[in-house]
Amino acid sequence: MIEAHNIEKSFGKLKVLKGIDFSAGQAEVVSIMGASGAGKSTLLQILGTLSRPDKGSLTIGGIDVLKLNRDKISEFRNRYIGFVFQFHHLLPEFTSLENVMIPALIGGATEKEAKAKAEALLDDLGLGQRLKHKPSELSGGEQQRVAIARALINNPAVLFADEPSGNLDSATKDDLHRLFFRLRDRYGQTIIIVTHDPKLAQMCDRTLFMKDGLFLPEIA
């Protein structure tokens, strides 16, 4: 599903990624761990097409995404990629339902189609009674589930998560971790998770460790 080769990225004189190779198969859940500053989030942003590398190649679903122009890459991202971040980035003036509908509307769905799908997703995630609540009226775990529903609304092939449970208490965190794997089993997404949480990493199909802009050798 994802093939990245020799990815390099610098910010000024600081070289953050130093020739990263990465691949992930369809419906595989891969965690990426490492100390702060190792380059994990920078790599995730490049894999998710939010940032461009200085050097290297990247294909997602067989598409050479680095050759797409700005409009095409935005369209590709909306259709094929979902994001979940540590901070939910929900729009405070909109309800749960409206927040989830937005990517579908941007992708060309009618309001009726977007509403029906958003309602079904939120109900599936246990938020069927919270559709009209705004983010300030939700718990941290509920906000994160709204963010996950928003990420899933367009049936993305790949879901990227950057410290998705970093702000949650232990019980809510465990529920969220299990949710990722239920989603993979139900929807078949490839899921790439940057995390500091060893319990979440242990649950994944594979864990990669980054240090100083490179992956450490995998242990068989």
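One table, with the values for the structure above:
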read-out	value
Segment 94-184 - accessible surface per residue (Å², probe 1.4 Å)	45
Highest-fluctuation residue, 138, 152, 121 considered, GNM on the chain with Cα pairs under 10 Å	138
Under 5 Å, built H, 5+ apart or other chain: amide partners of residue 82	158, 159, 160
Where 85, 209, 180 fall by accessible area, highest first, once all protein chains stay in place (1.4 Å)	209, 85, 180
Solvent-accessible area of residue 83 with every protein chain in place, 1.4 Å probe, in Å² to the nearest 10	40
Assigned charges on the beta-carbon of Lys, Arg, Asp, Glu; the chain dipole about Cα centre (debye)	400
Residue 32 long-range amide H proximity, modeled H, under 5 Å	193, 194, 195, 208
Span from the segment 189-220 Cα centroid across to the segment 1-71 one, whole angstrom	14
Top of 155, 78, 69 by mean-square fluctuation, Gaussian network on the chain, Cα under 10 Å	69
Max mean-square fluctuation residue, GNM over the chain, Cα-Cα springs under 10 Å, options 35, 147, 104	35
222 nm mean residue ellipticity, helices alone, for the chain (DSSP H n ≥ 4; -39,500 (n - 2.57); rounded to 500)	-11500 deg cm²/dmol
Heavy-atom accessible surface of segment 71-220: percent carbon and sulfur, 1.4 Å	52
Partner lysines for residue 67 [C-alpha distance under 19 Å; skip if fewer than 8 residues away on the same chain]	9, 55
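The values are calculated or read from the model by the stated rules, or taken from the named source; none is laboratory data. Given the structure is predicted, the values throughout are model-derived calculations rather than measurements. When we count neighbours, we look across all protein chains shown, and the Cβ atoms used for this are built from the backbone with ideal geometry, even at glycine. Side chains included, ligands, DNA and RNA excluded: accessible areas come from the protein's heavy atoms. Shrake-Rupley method; radii C 1.70, N 1.55, O 1.52, S 1.80 Å.
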